Amino acid sequence: MPLDRSDVDTDQIIPKQFLKRIERTGYGPFLFFDSRYDDSGAERPDFVLNMEPYRGGTVLVVGRNFGCGSSREHAVWALQDEGFRAVIAPSFADIFHGNALSCGLLPVTLAEHQVAALIDLAGEQPGVECTVDLEAGCVSAGDLRFQFTIEATQRRRLLEGLDEITLTLRGLDAISGFEASRPRWMPDLTRAEAAP
């Protein structure tokens with residue numbers, strides 16, 4: 001799905017009025033809300049998310065500095081809830097990039113001319129399939145093939161579906177050993193049972 005815009009901030013991705021939800025899901029319908037819907041709530045037919053055959057796309061190709069503005073994980077959650085698995089851009093805002101990796105959304109950084117070529121191809125051949133191969137570090141669409149790099153630890157985490165909790169749990173034996181060896185005079189870190 002091509003979105004030929006630069007400096008798309010997190011308030012454009014998921015406007016602030018939808019941040020009151022306490023769940024991590026259900027944000028998809030609010031993705032790009034102000035661009036996607038008119039004042040009456042009807043879909044704008046000229047916005048790419050509402051156009052066939054882009055509707056239902058899983059790879060978003062955008063301009064530079066994607067995800068700038070306030071640091072809200074909700075932006076990543078909205079993209080994922082709408083079905084996106086990867087976002088390709090020349091650059092990302094640092095916090096958005098970190099949030100994407102932490103939540104399992106792949107941010108792919110390519111050169112500006114490569115992103116422009118992908119956007120042009122999607123415009124010329126609506127519905128063209130784009131494949132992002134994390135193992136091979138390759139984006140392919142039509143006759144285009146571009147290599148990308150990602151830090152090895154982040155690549156492994158995405159391939160194995162690891163988040164901060166699962167990484168912590170992998171060290172549970174070491175954590176338990178450390179806790180068992182704490183001196184008695186230190187505060188007890190276990191929770192006392194609730195009084196009746």
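Does GLU151 fit the bill of being modelled with pLDDT of 80 or more and loosely packed, with under 10 Cβ neighbours inside 10 Å? So that I can check it myself, show each step before the final result.
Values: modelled with pLDDT of 80 or more: yes; loosely packed, with under 10 Cβ neighbours inside 10 Å: yes.
Answer is yes for this residue.
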>> Looking at region 1-43 only, could you name the residues that are open to solvent by 40 Å² or more (accessible area, probe 1.4 Å), basic (Lys, Arg) and touching a helix residue (DSSP H, G or I) at 6+ places or on another chain (Cβ under 6 Å)?
In response: ARG24
> Filter region 160-176 for residues that are open to solvent by less than 60 Å² (accessible area, probe 1.4 Å) and more than 18 Å from the chain's Cα centre (by Cα); which is farthest from SER102 (Cα to Cα)?
Replying inline: GLY171
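For region 44-59, name all the residues that are open to solvent by 70 Å² or more (accessible area, probe 1.4 Å), under 23 Å from VAL132 (Cβ atoms) and either polar (S, T, N, Q) or touching a strand residue (DSSP E or B) at 6+ places or on another chain (Cβ under 8 Å) (or both). First the steps, then the outcome.
At the first step, the residues of region 44-59 found to be open to solvent by 70 Å² or more (accessible area, probe 1.4 Å) are 44-46, 52, 55.
Those still in the list that are under 23 Å from VAL132 (Cβ atoms) too: 52, 55.
Residues satisfying the conditions do not exist here.
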> Which pairs have Cβ atoms under 8 Å, sit 6 or more apart or on different chains, and link a residue in region 9-27 that is without any contact (Cβ under 8 Å) to a residue 60 or more places away in the chain to one that is part of a loop (DSSP other than H, G, I, E, B) and of a type in the set (S, T, N, Q)?
Replying inline: ASP11/SER70
> Got a number for residues in region 99-119 being loosely packed, with under 14 Cβ neighbours inside 10 Å, without any contact (Cβ under 8 Å) to a residue 40 or more places away in the chain and of a type outside the set (Gly, Ala, Ser)?
Replying inline: 1
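I'm trying to understand the selection: among the residues of region 10-25, which are part of a loop (DSSP other than H, G, I, E, B) and modelled with pLDDT under 95? Show your work before the answer.
Filtering region 10-25 down to residues part of a loop (DSSP other than H, G, I, E, B) leaves 14-15, 19-25.
Of everything in region 10-25, those that are part of a loop (DSSP other than H, G, I, E, B) and modelled with pLDDT under 95 turn out to be LEU19, LYS20, ARG21, ILE22, GLU23, ARG24, THR25.
When region 94-126 is examined, which residues are found to be outside any helix (DSSP H, G or I) and within 21 Å of GLN147 (Cα to Cα)? Can you show your working first?
Initially, region 94-126 is screened for residues outside any helix (DSSP H, G or I), giving 104-111, 125-126.
The answer is GLY104, LEU105, LEU106, PRO107, VAL108, THR109, LEU110, ALA111.
The values are calculated or read from the model by the stated rules, or taken from the named source; none is laboratory data. Computed from a predicted model, the values in this text were never measured in an experiment. Note: ideal-geometry Cβ built from the backbone for every residue, glycine included; neighbour counts use all protein chains shown. Quick note on the areas: whole protein, heavy atoms, side chains included, nothing else; ligands and nucleic acids left out. Shrake-Rupley method; radii C 1.70, N 1.55, O 1.52, S 1.80 Å.
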